[in-house]
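The values are calculated or read from the model by the stated rules, or taken from the named source; none is laboratory data. Here the structure is a predicted model, which is why all the values come from computation and not from measurement. Positions of Cβ are backbone-derived with ideal geometry, glycine not excepted, and every protein chain shown enters the neighbour counts. Surface areas here come from the heavy atoms of the whole protein model, side chains and all, with no ligands, DNA or RNA. Shrake-Rupley method; radii C 1.70, N 1.55, O 1.52, S 1.80 Å.
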2 protein chains.
Amino acid sequence: MPPKSKVVADALESPCGITRTLGVLSDPWAFLILRSSFLGQRTFAEFRYSLGIATDVLTARLNTLVEQGIFKKVPYQHAGQRTRHAYDRTMAGQELLTVLISMQQWGDAHLVSNKPREVLPVRRDSDSKVRVSLVDEEGSFVNSADTEFVREHSG
Amino acid sequence: MPPKSKVVADALESPCGITRTLGVLSDPWAFLILRSSFLGQRTFAEFRYSLGIATDVLTARLNTLVEQGIFKKVPYQHAGQRTRHAYDRTMAGQELLTVLISMQQWGDAHLVSNKPREVLPVRRDSDSKVRVSLVDEEGSFVNSADTEFVREHSG
């Protein structure tokens, strides 16, 4: 496995969780590979075919996603062929769904498309549509306009 | 103002809201400029100084963020100097806070750092900490493990 790139390594040293996440999801391909995974794709060939991504870029992104604990490699074998690996999401990878849904929700609200939406997030057990919301410590919903970043008190 | 890049233009044609959002937030710099904005920075010089970003990259990203309605340019002038522009978030830009908080929350949970967190999201009116959650149509919280993307029915 190749060494982590300097950019990824630097980002992962950051005190900022946003920057660390960007060290792993370092370009649109990483997000799109993850989206493909949530749509049921698991193999190198499936990712490559659906995304039209160059093999070296796909290899590099998959390696980073495995190194950072987002995908785990699962061996599989078709009759008479050599063993290959599929890429399944870990629990940490599954939790990135919240990031993807927040991006989908924002894109649907603010970047108009004349094409119909193709996929939507739902509860597995009820088909109830799922959205992302900001929530305070009491469990009340909060608007983004009423939310701000503040410096954390040291000590 | 330069024409939109082909990559951005293509992404914005996508039926997928995630892809359209990635057309605007097309690399880590775009996310980091936005983060700086939420931390109170407004001017080209402030972004450039805090991020150490090349001026041509910063110019390109700010132009895209203005074109796509995330920042609006606001003129300001210091005594005896020429008019300059600050970049303030629009309402659409403010709503990207949900995307950033979801990335911060995931990074804090899954990419361990030995450095203390520096900023955290809170309600403006109460300092109650704010987190991102998945919520169904009845307003119940949902785990990401219990959520999936499904193909939307056509028609």
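Worth pointing out:
- Some residue of region B:83-98 being part of a loop (DSSP other than H, G, I, E, B), facing another protein chain (nearest Cβ under 7 Å), touching a residue at least 40 places away in the same chain (Cβ under 8 Å) and hydrophobic (A, V, I, L, M, F, W, C): yes
- Scan of region B:6-22 for residues that are modelled with pLDDT under 90 and either within 13 Å of B:L62 (Cα to Cα) or in a helix (DSSP H, G or I) (or both), ordered by number: B:K6, B:V7, B:V8, B:A9, B:D10, B:A11, B:L12
- Candidates are the residues of region A:115-127 that are more than 20 Å from A:S36 (Cβ to Cβ) and assigned to a loop (DSSP other than H, G, I, E, B); the one that is least open to solvent (accessible area, probe 1.4 Å) is A:S126.
Yes/no per residue for (1) hydroxyl-bearing (S, T, Y); (2) surrounded by 13 or more Cβ atoms within 10 Å (Cβ to Cβ); (3) not in a loop (DSSP other than H, G, I, E, B):
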| residue | (1), (2), (3) |
| --- | --- |
| B:M103 | no, yes, yes |
| B:W106 | no, yes, yes |
| B:S113 | yes, yes, no |
| B:E138 | no, no, no |
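- Qualifying residues in region A:99-136 (those that are more than 7 Å from every other protein chain (Cβ to nearest Cβ) and over 24 Å from B:G23 (Cα atoms)) - the one modelled with the highest pLDDT: A:S126
- Taken over region B:22-46, the criterion of being more than 8 Å from every other protein chain (Cβ to nearest Cβ), open to solvent by less than 40 Å² (accessible area, probe 1.4 Å) and without any contact (Cβ under 8 Å) to a residue 24 or more places away in the chain is satisfied by B:S36 alone.
- The listed residues are A:V130, A:V99, and the only one of them that is crowded, with 20+ Cβ neighbours inside 10 Å and closer than 15 Å to B:V135 by Cβ turns out to be A:V130.
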